[in-house]
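Q: The structure that follows is given in the form of structure tokens.
The values are calculated or read from the model by the stated rules, or taken from the named source; none is laboratory data. Predicted model only: the values in this text are computed from it and were never measured. Backbone-built Cβ (ideal geometry, glycine too); neighbour counts: all protein chains shown.
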Amino acid sequence: MASWAEFASAEPALASRVQQRFDIRKHKTLATLRKDGSPRISGIEVEFADGELFVGMMPGSRKLNDLERDPRLALHSPTDDPSPGDPRGWPGEAKLAGFAREVAFTNSPVEGGRRFRVDITEAVLTHLNAAGDQLVIESWHPGEGVQRLERT
């Protein structure tokens, strides 16, 4: 696992592009695991601060209950459609996987709100190549560096 700062230090260009995809809009998608092991998807906001990636939870929320039981999670960036008639204009999407670790939350906007740091096990950026004719999947795992796959 790695902090956001460790990922950004190991692969600054990829980390910057991943963060740019997350920063395009306020609302992202979070995947957690329900009690029976099935996936749950929820809307969420994320914060990049002090070399870390954070998520906040409302007290009593289902996603909070999920993370208390099993800290594994995945985050998906917002997405944009390409301009009509120009598929090469698709800027791509980013995904992160890891574990939620609770940290102190002194300035919660909601009484009883909880804050978690995300320890990263995988970062993925999916986009098109410059010609716009192949999908490019760049992935990073701690200690393994970047893998790049292009496919039609």
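Q: Just the residues that are loosely packed, with under 12 Cβ neighbours inside 10 Å and of a type outside the set (D, E, K, R), please, taken from the range 36-88.
A: Once the filter is applied, which keeps residues that are loosely packed, with under 12 Cβ neighbours inside 10 Å and of a type outside the set (D, E, K, R), the range 36-88 yields G37, S38, P39, G43, A49, P59, G60, S83, P84, G85.
Q: I'd like to verify a number: residues in the range 4-35 that are within 14 Å of the chain's Cα centre (by Cα), surrounded by fewer than 12 Cβ atoms within 10 Å (Cβ to Cβ) and in a helix (DSSP H, G or I), how many?
A: Count: 1.
Q: May I pose another question? What are the pairs with Cβ atoms under 8 angstrom where one residue, in the range 93-110, is over 16 Å from R72 (Cα atoms) and the other, located anywhere, is basic (K, R)? Sequence gap at least six, or different chains.
A: What qualifies is E93/R21; A94/R17; A94/R21; A104/R115; F105/R114; F105/R115; S108/R114; S108/R115.
Q: I need every pair where a residue in the range 118-147 that is touching a residue at least 24 places away in the same chain (Cβ under 8 Å) and closer than 26 Å to L64 by Cα has its Cβ under 6 Å from the Cβ of a residue that is surrounded by fewer than 19 Cβ atoms within 10 Å (Cβ to Cβ) and aromatic (F, W, Y), sequence separation at least 6 or different chains.
A: These pairs meet every condition: D119/F99.
Q: Next question, about the same structure. So which strands (runs of 3 or more DSSP E) stay within the range 37-151 end to end and still have 3 or more residues that are β-branched (V, I, T)?
A: Where strands (runs of 3 or more DSSP E) fall fully within the range 37-151 and carry at least 3 residues being β-branched (V, I, T), they are 114-128.
Q: Condition first: among the small types (G, A, S) and surrounded by 13 or more Cβ atoms within 10 Å (Cβ to Cβ). Now tell me which residues in the range 103-131 satisfy that. Even if it seems obvious, please write down each step before you answer.
A: Of the range 103-131, the ones among the small types (G, A, S) are 104, 108, 112-113, 123, 130-131.
Across the range 103-131, the qualifying residues are S108, G113, A123.
Q: Here's another thing I want to ask about it. Just one of R148, R117 is farther than 23 Å from R25 by Cβ and modelled with pLDDT of 95 or more; which is it?
A: The unique qualifying residue is R148.
Q: I've got another one for you. Here is a list: F54, F48. Which entry is under 15 Å from F105 (Cβ atoms) and of a type in the set (F, W, Y)?
A: After applying the criteria, what remains is F54.
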